[in-house]
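**Q** Below you will find the structure I want to go over with you.
Values in this text are rule-based calculations from the coordinates and carry no lab data. Computed from a predicted structure; not experimentally measured. Cβ coordinates were reconstructed from backbone atoms using ideal geometry, including for glycine residues, and neighbour counts include every protein chain displayed.
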Amino acid sequence: MRRISLHDFVDVVTSYREGDDLPESLLLDRSEAFTTYYAPFEYINTAAKVVLCGITPGLQQAT
């Protein structure tokens, strides 16, 4: 499986404007029930005291 990272999407992520539809260039996969878009969550703070883990369930959290 190919690793996907911010470097693959940096141009489209930095040009995104809040309120715009998610660009098709961020689309990773689509099925009957689900659509998966790339979201940039690669930053790791190695000095962090708290870790938050989860998934982005919808458009509100993606934008």
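**Q** So how long is each side of the range 6-56 along the principal axes, counting just the alpha-carbon atoms, biggest first, in Å?
**A** Projected onto its principal axes, the Cα set of the range 6-56 covers 38, 27, 22 Å.
**Q** At most 13 other Cβ atoms within 10 Å and a DSSP loop assignment: could you name the trypsin sites (Lys or Arg not before Pro) in the range 12-50 that fit?
**A** Within the range 12-50, the qualifying trypsin sites (Lys or Arg not before Pro) (loop, at most 13 other Cβ atoms within 10 Å) are Arg17, Lys49.
**Q** Applying 1/(1 + (r/R0)^6) with R0 = 25 Å to the Cβ-Cβ distance of Asn45 and Ile4, what FRET efficiency is obtained, to the nearest 0.05?
**A** E between Asn45 and Ile4, to the nearest 0.05, is 0.75.
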